[in-house]
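This report concerns only the one structure given below.
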Ligand SMILES: Cc1cc2nc3c(=O)[nH]c(=O)nc-3n(C[C@H](O)[C@H](O)[C@H](O)COP(=O)(O)OP(=O)(O)OC[C@H]3O[C@@H](n4cnc5c(N)ncnc54)[C@H](O)[C@@H]3O)c2cc1C
């Protein structure tokens, strides 16, 4: 949101500039994960995190909570695009993301975070997609990835969903309550004397102040030698560098009232475009169908539209009889940051190297951002990071 001269309270009140070593902008899974690894680095750096709304008010608080491995496409396509070694590296990176979350954050607290590790499914509506999934299964099995093929009857029996010709199960995937997870990560360092959180602090301008970067919010200014933008889909609102690199893309979802348990685990359908799951408390969440209206499902507005919401209800009534006709309690949308190649972006702005950034998770931030935040901290301390997430690949 732009801020007028009159709305900028730092103009009329003589507010002091607050100084930090690092200022992070954005309180989603990427910003909080980056803060976690910075504090864990234990270098005595004073870190401030500025969030325009409340924590998790962006995509992190609006997603479906899948923690899945890999990326936006089936593994066979990942291999076709990148070759086997790189495809495996991408997969292993997200496996490591989950491992890091389990070891450092979730620990024994599965129930507290509504964390479940029951695997995830990719379901094919057509024989063509099932052929690709079986190809993926072969490739993945050869590489030692834990997958299983399901025939139509297995899907009907185990998942109680219908209209799919076959599928595969990624046996090590997980799901979580994304806001509880974020709060859990934050709780591990919130009381550190090196960390300060400023909610309701939208950054509307970044400028150079001598050697430092100065960040303006309506209620005050912040100076630091290093700035980290963890603003994902919103990044191009703040810096033009991102206008042809991270594309704001809307995703819509609905959820039902709580229903008796019928679904074995979270499911993707239709080449990872549509998805549904049942939470541990019984609600069915279903999202996707952006492909029906690609022209409107872009930009920064988190409104919902009839055409997509109706498609979600149709899908539910057609494929998930246990949820057919049940009460819809919530409908919402969120803004994702899509990168040009579907992989995350970690780096600094070449023309403005004091500004680092993390984003471009392309609908998979829950499976990527914790490890990506670790990589951003590695970059800050001159350690190497995987090439496929380095923003240098676009230079
Ligand atoms: C409907 C939907 C379903 C999804 N389902 C899944 C899923 O099941 N699994 C999965 O892995 N991923 C899913 N995703 C994608 C996932 O939510 C994102 O990849 C992830 O949350 C990105 O995290 P982030 O921290 O980078 O971005 P965000 O969570 O969007 O955080 C960016 C933050 O920056 C703040 N901000 C922006 N501009 C400013 C500013 N100027 N000043 C201060 N603060 C600012 C925003 O308020 C926001 O809180 C889904 C997304 C949507 C929308």
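Kindly identify the stretch 75-156 as rounded, prolate or oblate by the Cα gyration tensor criterion: order the square roots of the eigenvalues as a ≥ b ≥ c, call it rounded if a/c is under 1.5, otherwise compare a/b with b/c, prolate if a/b is larger, else oblate.
Note, shape of the stretch 75-156 comes out oblate.
Looking at the P(r) of the chain, how many percent of alpha-carbon pairs lie beyond 29 Å?
In whole percent, the share of Cα-Cα pairs in the chain beyond 29 Å is 43.
Could the peptides 211-217, 196-202, 28-34 be put in order, highest first, of the mean number of other beta-carbon atoms found within 10 Å of their residues?
Per-residue mean Cβ counts within 10 Å order the peptides as 28-34, 211-217, 196-202.
How far apart, in nm, are the 7 Å Cα→Cβ label points at residue 211 and residue 294?
The modelled label-to-label distance comes out at 4.9 nm.
Relative to the longest principal axis of the C-alpha atoms of the chain, give the angle of the C-alpha long axis of helix 127-142, reported between 0 and 90° and rounded to the nearest 10°.
Relative to the chain, helix 127-142 is tipped by roughly 70 degrees.
For n ≥ 4 DSSP H runs only, could you compute -39500 (n - 2.57) per run for the chain, divide by its residues and tell me the 222 nm figure to the nearest 500?
Rounded to the nearest 500, the figure is -8000 deg cm²/dmol.
May I ask you to derive the FRET efficiency for residue 262 and residue 200 from their Cβ-Cβ distance with R0 = 45 Å, giving the value to the nearest 0.05?
The computed FRET efficiency comes out at 0.65.
Rounded to the nearest angstrom and ordered from largest down, what semi-axes does the equivalent ellipsoid of the stretch 120-171 get from its C-alpha gyration tensor (root of 5λ)?
Working from the Cα gyration tensor, I get semi-axes of 19, 12, 7 Å.
Taking only Cα atoms, what is the 0 to 90° angle, nearest 10, from helix 29-41's long axis to the longest principal axis of the chain?
With both axes taken from Cα atoms, the answer is about 60 degrees.
Suppose we keep just the DSSP beta bridges with both residues in the chain; what percent of those would be antiparallel, to 5?
70 percent
Mind ordering 296-304, 56-64 by average Cβ neighbours within 10 Å, highest first?
The peptides rank, most packed first, as 56-64, 296-304.
Could you give the length gained by full extension between residue 151 and residue 302, i.e. 0.36 nm per residue of separation minus their alpha carbon distance, to one decimal place?
50.6 nm
If one computes the Cα centroid of the stretch 230-263 and of the stretch 149-171, what distance in Å separates the two points?
What the calculation gives is 28 Å, centre to centre.
Quick check: pseudo-label points 7 Å beyond the Cα along Cα→Cβ at residue 191 and residue 80, how many nm apart are they?
Here the answer is 5.4 nm between the modelled labels.
I'd like to compare 15-22, 178-185: which one has the highest average count of other Cβ atoms within 10 Å, and what's the full order after that?
178-185, 15-22
If I model a spin label as a point 7 Å beyond the Cα along the Cα-Cβ vector, how far apart are those points for residue 381 and residue 243 in nm?
The modelled label-to-label distance comes out at 3.7 nm.
Rounded, prolate or oblate for the stretch 19-102? Axes are the square roots of the Cα gyration tensor eigenvalues, ordered a ≥ b ≥ c, and the cut-off for rounded is a/c under 1.5.
prolate
Using a/c under 1.5 as the rounded threshold, could you call the stretch 299-387 rounded, prolate or oblate? The axes a ≥ b ≥ c are square roots of the C-alpha gyration tensor eigenvalues, and prolate needs a/b larger than b/c, oblate otherwise.
Here the stretch 299-387 falls in the prolate category.
Can you tell me the 0 to 90 degree angle between the C-alpha axis of helix 369-380 and the longest principal axis of the chain, rounded to 10?
The angle comes out at about 40 degrees.
Every number in this text was worked out from the coordinates using simple rules, so none of it is lab data. Computed from a prediction, not measured in an experiment: that's the story for all the values here. Note: ideal-geometry Cβ built from the backbone for every residue, glycine included; neighbour counts use all protein chains shown.
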